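J.: Below are the structure tokens for one structure; questions will follow.
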Amino acid sequence: STYVDVFLNDPEFDRNVSNLYNDITWAPLPWMKLALETQFPIADSESEFREFAGNITLMPSDSTESSFGYRQLNNHPILEDSNQITVRTYSRISESWGIGFYQRWELDEGNLAVQQYSLYHDFDSWTGSLGFLIRDNNDRKDELGLMLNFTLKDFPSVRLPLTVDSE
């Protein structure tokens, strides 16, 4: 997908046209997917930022999925410039249990910015996870967090008894 947004009134950056966005996904094999997201300025505006994000997802077995990514953000008016690598892995231990981790390295600052470790349980129509998060904030105090997430897998079906009595 390649697209732009046209603004009648842009309250954030006073633009007429957004950046040019590209979202490309290619899955050459059932166990491999490549994704690329970019945005580049195409018109004169105060906001001349660029973003590039590439990701490869591999599924070496039926129970393990790993994802490796790279992201670069330059000249954004609100967000800090960023140059980062991410790694995400999920492994199913049994039919109802799984473990996962996520790590993000900030290359410009030379640190492991985020570490996240999670334990998942499948409850048939929904999934629950308990995780631990460590965020390195460089000069500021580091953050530690405990996460509890619930995800609905199957939306329950609803049936209304709609009948019309013609008598």
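The values are calculated or read from the model by the stated rules, or taken from the named source; none is laboratory data. Source: prediction; values computed, not measured. Counting neighbours? That spans all protein chains shown, and the Cβs are built from the backbone with ideal geometry, glycine included. What goes into the accessible areas is simple: the full protein's heavy atoms, side chains included, and nothing from ligands, DNA or RNA. Shrake-Rupley method; radii C 1.70, N 1.55, O 1.52, S 1.80 Å.
J.: Just add up the charged neighbours of Ser66: K/R +1, D/E -1, any other residue whose Cβ is under 12 Å from the Cβ of Ser66. Before the final figure, lay out the partial values.
T.: Values: positive: Lys33, Arg88; negative: Glu65.
Once all neighbours under 12 Å are counted, the net charge is +1.
J.: Residues with amide H under 5 Å of Arg15's amide H, sequence separation 5 or more or different chain, H placed in the peptide plane at 1.01 Å from N; which?
T.: For Arg15, whose amide H was placed from the backbone, the distant partners under 5 Å are Asp10.
J.: How large is the Kirkwood hydrodynamic radius of the stretch 70-140, in angstrom, based on all distinct alpha carbon pairs?
T.: On the way: mean 1/r = 0.0711 Å⁻¹.
Value: 14.1 Å, from the Cα pair sum.
J.: Moving on. With a/c under 1.5 counting as rounded, go ahead and sort the chain into rounded, prolate or oblate using the C-alpha gyration tensor (a ≥ b ≥ c being the square roots of the eigenvalues; past the cut-off, prolate if a/b is larger than b/c, else oblate). The partial results should precede the final answer.
T.: Details: a/c = 1.84, a/b = 1.20, b/c = 1.53.
In terms of gyration-tensor shape, oblate.
J.: Here's something else I'd like to know. Among Asn19, Trp97, Tyr117, which residue has its Cα furthest toward the positive end of the charge dipole of the stretch 1-154, with +1 on Lys/Arg Cβ and -1 on Asp/Glu Cβ?
T.: Checking the options against the dipole of the stretch 1-154, the answer is Trp97.
J.: Next up: Just to check I understand the Karplus step: with θ = phi - 60° and J = 6.51 cos²θ - 1.76 cosθ + 1.60, what whole-Hz values come out for the stretch 105-122, glycine and proline as x?
T.: Working through the residues one at a time gives 9, 9, 6, 4, 9, x, 9, 7, 6, 9, 10, 9, 10, 9, 10, 10, 9, 9 Hz.
J.: What's the longest uninterrupted piece of the chain once you rule out the trypsin sites (Lys or Arg not before Pro) that are loop residues per DSSP with at most 14 other Cβ within 10 Å? Can you show the working numbers first?
T.: Numbers: sites that count: Arg140, Lys141, Lys153, Arg159.
Result, exposed sites excluded: 1-139.
J.: Calculate what fraction, in whole %, of the accessible area of the stretch 19-119 sits on carbon and sulfur atoms when a 1.4 Å probe is rolled over the protein chains. It would help to have the intermediate numbers written out before the result.
T.: Working: 3420 of 6180 Å².
About 55 percent, which is the carbon plus sulfur part of the accessible surface.
J.: If R0 is 22 Å, what FRET efficiency do you get for Phe68 and Ser91 from their C-beta distance, rounded to 0.05?
T.: Numbers: r = 15 Å, r/R0 = 0.70.
It comes out at approximately 0.90.
J.: Would you grab the residues whose amide H sits under 5 Å from the one on Trp31? Only those 5+ places off in sequence or on another chain, please, with H modelled 1.01 Å from N.
T.: Amide H neighbours of Trp31: none.
J.: Per residue, how large is the accessible surface of the chain? Use a 1.4 angstrom probe and give square angstrom. Walk me through the numbers on the way to the answer.
T.: On the way: 12150 Å² over 167 residues.
Normalised by residue count, the accessible surface of the chain is 73 Å².
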